[in-house]
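Colleague: The following block contains the structure, expressed as structure tokens.
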Amino acid sequence: MGPASTWPEQSPEDGIKLATILRNQPLLEHLELRSRKWDMDGWLSATDLPHLRSLVAREDEARWLIPGRPITSLTFLEVDKVPEDNAWKELTASSTPITSLTACFIRKDSISPFLKSAAKYMGALRSIRICASSLRLEHLGI
């Protein structure tokens, strides 16, 4: 069996196509964007996905999906750094407090600074989960 298959490079049209599909799902409550990075910035309006409560995504995707939506559960994928202050403002702009946070780290030295920063901006958390989405060779000392 060959190497694991990977997605081809994303074209701008891919983000537009996904935004079109999502726009037609007004009752959607949970969204996971795991396979690759999506760029839909500007393609969804604030009124799209009005019932989205749970999101699994990378920081950039979360920044344009969270504002104004009632997201209470957030899973960050591929965390390798602490979001900047302006990013936290977008990441916490849900119309309801985010109470559950999962962070999947790809760099172990990001865990403590990320959690300190999350505690500063996400005061309503009732659940925190930490996971490793992948392991890099430097984590093994190789």
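The values are calculated or read from the model by the stated rules, or taken from the named source; none is laboratory data. Given the structure is predicted, the values throughout are model-derived calculations rather than measurements. For neighbour counting, all protein chains shown are included, and Cβ atoms are generated from backbone atoms with ideal geometry for every residue, glycine included. Surface accessibility is based on the protein's heavy atoms, side chains included, excluding ligands, DNA and RNA. Shrake-Rupley method; radii C 1.70, N 1.55, O 1.52, S 1.80 Å.
Colleague: Restricting attention to the stretch 120-142, which residues are of a type outside the set (D, E, K, R), at pLDDT below 95 and within 18 Å of residue 77 (Cα to Cα)?
Modeller: Within the stretch 120-142, 130, 131, 132, 133, 134, 135, 139 meet the criteria.
Colleague: Hey, among the residues in the stretch 78-107 that are among the hydrophobic types (A, V, I, L, M, F, W, C) and part of a loop (DSSP other than H, G, I, E, B), which one's farthest from residue 63 (Cα to Cα)?
Modeller: 106
Colleague: For the stretch 43-81, which residues satisfy the criterion of being of a type in the set (D, E, K, R) and without any contact (Cβ under 8 Å) to a residue 24 or more places away in the chain?
Modeller: 60
Matching residues to (1) within 15 Å of the chain's Cα centre (by Cα); (2) modelled with pLDDT under 95; (3) on the phi > 0 side of the Ramachandran plot:
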position: 42; (1), (2), (3): no, yes, yes
position: 59; (1), (2), (3): yes, yes, no
position: 65; (1), (2), (3): yes, yes, no
position: 71; (1), (2), (3): yes, no, no
position: 75; (1), (2), (3): yes, no, no
position: 81; (1), (2), (3): yes, yes, no
position: 89; (1), (2), (3): yes, no, no
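Colleague: If a residue must be of a type in the set (S, T, N, Q) and open to solvent by 50 Å² or more (accessible area, probe 1.4 Å), how many such residues does the stretch 60-91 contain?
Modeller: Residues that pass the stated criteria total 1.
Colleague: A further question follows. Which residue pairs have Cβ atoms under 8 Å apart, sit 6 or more places apart or on different chains, and have a first residue in the stretch 13-36 that is within 17 Å of residue 70 (Cβ to Cβ) and polar (S, T, N, Q) and a second that is surrounded by 12 or more Cβ atoms within 10 Å (Cβ to Cβ) and modelled with pLDDT under 80?
Modeller: none
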